[in-house]
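The numbers here are math on the coordinates, done by the rules we state, and not lab data. Computed from a predicted structure; not experimentally measured. Cβ coordinates were reconstructed from backbone atoms using ideal geometry, including for glycine residues, and neighbour counts include every protein chain displayed.
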Amino acid sequence: MKNKNGQELTQREILRKSKNRLTTVLLELEVFLLHLIGHLPSHLIRRFFYRLAGMKIGSHSTIHTGARFYNPENIEIGSGTIIGERVVLDGRSSLRIGNNVDIASEVMIYNAQHDIESMNFEAISKPVQIGDYVFVGPRCIILPGVRIGRGAVIAAGAVVTKDVEELQIVGGVPAKVIGERTLQELNYKLGRAALFR
């Protein structure tokens, strides 16, 4: 057996590659099954299976339908957080989402990407951290290694490539500071999630 460069593989290398392939297939199956579960019209049932897959979800937090996860065991969501429909949450590195965070529909949060300067186009990963009381608008993209501070606001459609400080409002591609929240004391609750979403 040969590798993609045409070099003969040792028996140990063949065994390692086979094990890696099997692990990858099982992870892909988990992603697929969680995606199917994500369409069940019950927050209670979805949360049960997400927690069973290793995701840490705080009390009174909700993930709406159609969510997609990668490596859920590295995803931690605080209390009172609402995550919108058809989000992508990447757990290939650590993803920490705080308390009372509002993440709108179709947001994509990635913490792994390919190194475009690598000869082998290798994957690199960096953790993402989102503080308490953050609002992430619809269809935003948050890239690997980003830290979003407490109370920050990410405008709809923004692509966040670098850290956002507390209470900052950012927007655009790439996201830039466009304002600051004047409300300094954040202690609100987001309210009830829609029942069949």
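Some points to look at:
- Proximal aspartates and glutamates relative to LYS2, as straight alpha-carbon distance under 12 Å, when same-chain residues fewer than 8 apart are discounted: GLU13
- Acute angle (nearest 10 degrees) that the helix 11-37 long axis makes with the longest principal axis of the chain, alpha-carbon atoms: 30
- GNM on the chain, alpha-carbon springs under 10 angstrom: the most fluctuating residue among LYS126, LYS19, LYS56 is LYS19.
- In degrees, nearest ten, helix 43-52 long axis to first principal axis of the chain (Cα): 40
- For the chain, fraction of C-alpha pairs farther apart than 31 Å, in %: 25
- Exceeding the 27 Å Cα-Cα cut-off - candidates LYS56/LYS162; LYS19/LYS126; LYS4/LYS56; LYS56/LYS126; LYS17/LYS162; LYS17/LYS126: LYS4/LYS56; LYS17/LYS162
- Of the peptides 57-69, 142-154, the ranking by mean beta-carbon count within 10 Å, highest at the top, reads 142-154, 57-69.
- Counting beta carbons within 10 Å around each of MET119, MET55 and listing the fewest first gives the order MET119, MET55.
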